[in-house]
1. Within the stretch 84-94, count every residue that is within 15 Å of S107 (Cβ to Cβ) and in a strand (DSSP E or B).
2. I need a count of the residues in the stretch 16-37 that are farther than 10 Å from Y65 by Cα and within 16 Å of the chain's Cα centre (by Cα).
3. Of the conditions (1) out of contact with any Ser or Thr (no Cβ under 7 Å at 6 or more places or on another chain); (2) touching a residue at least 24 places away in the same chain (Cβ under 8 Å); (3) closer than 12 Å to L106 by Cα, G18 satisfies every one except a single condition; which number is it?
4. Filter the stretch 54-83 down to the residues that are under 13 Å from L28 (Cβ atoms) and either in a strand (DSSP E or B) or in contact (Cβ under 8 Å) with a residue 40 or more places away in the chain (or both) and list them by number.
5. From the list Y65, Y74, Y84, exactly one residue is surrounded by fewer than 19 Cβ atoms within 10 Å (Cβ to Cβ) and hydroxyl-bearing (S, T, Y). Which is it?
6. Considering only residues that are under 21 Å from P103 (Cβ atoms) and either outside any loop (DSSP other than H, G, I, E, B) or touching a Leu at 6+ places or on another chain (Cβ under 9 Å) (or both), which ones fall in the stretch 32-53?
7. Of everything in the stretch 87-117, what is closer than 17 Å to A22 by Cβ, over 11 Å from the mean Cα position of the chain (by Cα) and of a type outside the set (A, V, I, L, M, F, W, C)? Give them in sequence order.
8. Could you tell me whether A34 is small (G, A, S), touching a residue at least 12 places away in the same chain (Cβ under 8 Å), surrounded by fewer than 12 Cβ atoms within 10 Å (Cβ to Cβ) and more than 23 Å from S117 (Cβ to Cβ)?
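The values are calculated or read from the model by the stated rules, or taken from the named source; none is laboratory data. Only a predicted model underlies this, so the values are computations on that prediction, with no experimental measurement involved. Here the Cβ positions follow ideal geometry from the backbone for every residue, glycine too, while neighbour counts run over all protein chains shown.
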Amino acid sequence: MSGTLSGISTHVLDLARGRPAAGVGVRLEARAGAGWVEAGGGVTDGDGRVRALLAPGRALAAGVYRLTFELAPYFAAQGVDAFYPEAAVVFAVRDAAQAHHVPLLLSPYGYSTYRGS
C-alpha cells in the first residue's frame, strides 16, 4: 500500500460536467453486527479525491464497509436538481493489507462504481 493512501480511498468524477467533483462529503462506516459504526470520512478535494478515509489511528480490518456520498449539497451548490440525494456503496474487504480504492462516477440522474486501483 502506498504511503499516501489509507486502506480505503475514493475519487468522485462528475460525468455531466466532465470534471472531478470537489466538495462531496463522504462517510465511511464498518458493519458491526446488525448495524454500522463510523470508521472515518472526509470531503473530496479539488481533484475529487479523499485519499485517507479511515479515521486517524484506525487500522483497516477485514469486513464489510459502506461509503455514503452526500450528493444533494454538491448538486444544490451548482443549482442542479438531481434525483439521488446520496449514494451508498457497500463492499467487502477481504485482505486488509491491500489498498481499496472505490471510485464513484456520477451525474444528476445516475451513478456507478467499481473496484479501482
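1. Looking only at that region, the number is 2.
2. The qualifying residues number 8.
3. It is condition (2) that G18 fails.
4. Across the stretch 54-83, the qualifying residues are L54, L60, G63, V64, Y65, R66, L67, T68, F69, E70.
5. Just one listed residue meets the conditions, Y84.
6. A39, G40, G41, G42, V43, G48, R49, V50, R51, A52, L53
7. Hits for the stretch 87-117 are S107, P108, Y111.
8. no
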